[in-house]
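FYI, it's all coordinate maths here, none of it is from the lab. Every value quoted in this text rests on a predicted model; they were computed, and no experiment measured them. Note that each Cβ is placed from the backbone with ideal geometry, even for glycine, and that neighbours are counted across all protein chains shown.
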Amino acid sequence: DQKIKNNKVSDDASRNLRKVRKQLQIIEKEIQSKLLKFLRHPKNKEMIQEAMIVQKGEYYTIPIKASYKNKVDGTIIDESNKGTTVFIEPTVVSKLNEHYQLLKAEEISEEYQILAALTGAIAENEEAIDLLIETMTVLDIIFARAKFSREINGITPKINKSEHIVIK
């Protein structure tokens, strides 16, 4: 049972994490859908600076021409350097985004609990892990020597009791 895949906590690490991530996907799709609907609505066309969804930190926003900032029902999250564009989170997605952020916090908390449990399991088995690492190191050295010996066509030394070395 893999808890970590590609350096991330796997969805399958716990039921709760899977559930939270599924809810996050659903809400994100709903936010995207509502924002696309906002972008496509004819009455919004002239107010929109660029027909795209821009994520500003934790907010999903629409770039609106600054001259229309008071005509869009929503919260100004940011503005461009020149002040010609404001990034507004439309009211139609603000509640969804709040729910999304709460779920994001729950996801982080669940990941933390999973990582803490894994860390605890490693700590409990530290001696066994150290022994395995030591054994693997010794075996790696032995195999490296054998490989090197084959590469240079080395010969097996003959050990004698007379302490004489014969070099051929």
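Considering only alpha-carbon pairs that sit under 8 angstrom and 6 or more positions apart, the relative contact order computed for the range 4-123 is 24 percent.
Comparing E126, E58, E50 in a Gaussian network model of the chain, where Cα atoms under 10 Å apart are tied by springs, the biggest mean-square fluctuation is seen for E126.
Full extension of the segment from I133 to R15, taken as 0.36 nm per residue of separation minus the current Cα-Cα distance, would add 39.2 nm.
Projecting the Cα atoms of V20, P42, S10 onto the charge dipole of the chain (Cβ charges, centred on the Cα centre) puts P42 farthest toward the positive pole.
Relative to the 2.2 N^0.38 Å rule of thumb, the range 82-141 has a C-alpha radius of gyration ratio of 2.26. Close amide H contacts of T85 (hydrogens built in the peptide plane, cut-off under 5 Å, sequence separation of 5 or more or a different chain): A66, S80.
Residues S33, S94 in ascending order of nearby Cβ atoms (within 10 Å, fewest first): S33, S94.
Could you give the semi-axes, largest first, of the ellipsoid that matches the range 4-123, computed as the square roots of 5 times the alpha carbon gyration tensor eigenvalues and rounded to whole Å?
Numbers: eigenvalues 271, 41, 23 Å².
They are 37, 14, 11 Å, listed largest first.
Its Cα centre serving as origin, the chain has a Cβ charge dipole (Lys and Arg +1, Asp and Glu -1) of approximately 920 debye.
Coupling constants for the range 18-24 follow from the phi torsions by the Karplus curve (6.51 cos²θ - 1.76 cosθ + 1.60, θ = phi - 60°), and in residue order they are 4, 5, 5, 5, 5, 4, 4 Hz; glycine and proline get x.
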